[in-house]
1. With +1 on the Cβ of every Lys and Arg and -1 on the Cβ of every Asp and Glu, and nothing else charged, how large is the dipole of the chain about its Cα centre, in debye rounded to the nearest 20?
2. Treat each spin label as a single point 7 Å out from the Cα along the C-beta direction, and report the Arg49 to Glu31 distance in nm.
3. Give me the compactness ratio for region 1-124, meaning the Cα radius of gyration over 2.2 N^0.38 Å.
4. Three principal axis extents, largest first, for the C-alpha atoms of the chain, in Å?
5. Once the Cβ-Cβ distance between Leu153 and Ala83 is put in as r, and R0 is 30 Å, what FRET efficiency do you end up with, to the nearest 0.05?
6. Taking θ = phi - 60°, what integer Hz values does the Karplus form 6.51 cos²θ - 1.76 cosθ + 1.60 yield along region 153-158, in sequence order, with x for Gly and Pro?
7. Test of the criteria: in region 156-236, which chymotrypsin sites (Phe, Trp or Tyr not before Pro) are in a DSSP loop and have at most 12 other Cβ atoms within 10 angstrom of their Cβ?
8. At 7 Å along Cα-to-Cβ for each site, give me the label-to-label distance between Glu179 and Ala213 in nm.
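Bear in mind these aren't lab numbers, they're just calculated from the coordinates by the rules spelled out. Bear in mind the structure is a predicted one, so any value in this text is a computation, not a measurement. Every residue, glycine among them, receives a Cβ derived from its backbone with ideal geometry; neighbour counts consider all protein chains shown.
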Amino acid sequence: MPREQIDAPPFLLVTGGSRGIGAEIVRGAAERGWAVAFSYERDADAAGRLEDAVCAAGGTALALRCDVADPDAVAALFADAEAALGPVKGLVNNAGVTGRLGAFVDTEVATMRRVLEVNVLGTMLCAQAAAGRWRDRGTPGVMVNISSIAATLGAPGEYVHYAASKAAVEAFTIGLAKELAPAGSRVNAVAPGTAHTGIHAAAGEPGRPARVAARIPMGRAAEPSEIAEAVLWLLSPQASYVTGAVLRVSGGL
């Protein structure tokens, strides 16, 4: 369970934080002194294990169920997290889905809709909730949105619809960064390449990282912790003059 009270710093909220890259962001942020709330949609067991592990290591973590595509659920997520941990200072929009791998012409409308609702609308809803709080309180914040190299490579034959959703995330990041910069808030994106996460199994091909490794200049897929380190740097004071950037962490692609 989280500590009842924290003094400093205000907390970081990570969406889709129970597994994979999100979980590594949660762990790394807690190690750096952040109190961390993170959302999950289905895997309560994984969320509970991560919460317990962070707290056992002396950190502060709070797992909350949320479908980021649901405006009411997002409002409840922020309200519940702030009630427990205080004002939100940072946001990582990590929650995302791909749908099944395959040709675009065979992709079902329901899949396209869900990918856009989670990856684009969900990112926007959470960003709006955070940015509105920063504006109303007169305190700047920091945000990192998780994109994908698919946004520029297009992912032909695999998930073109997902690539399009991540291109929207990158455009949104750039525009929002310019909008919030005068108030001191920073907004950036990280575009990971292929990483060893469960997203490939969910898309129908658990072995995809091994299949695509040969096309990556560095010859291998990333570990989730390697992506998380880039996110954590963008959240840190060391990136104080970086906003509106899309940082590719893709092994050279």
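1. Roughly 600 debye, rounded to the nearest 20.
2. 1.9
3. That ratio works out to 1.11.
4. If we take the Cα atoms of the chain, the spans are 49, 39, 36 Å.
5. After rounding to 0.05, the efficiency reads 0.15.
6. For region 153-158, the Karplus curve yields 7, x, 6, x, x, 10 Hz.
7. Working: sites: Tyr159, Tyr162, Phe172, Trp233; in loops: Tyr159.
The qualifying sites: there are none.
8. Here the answer is 4.2 nm between the modelled labels.
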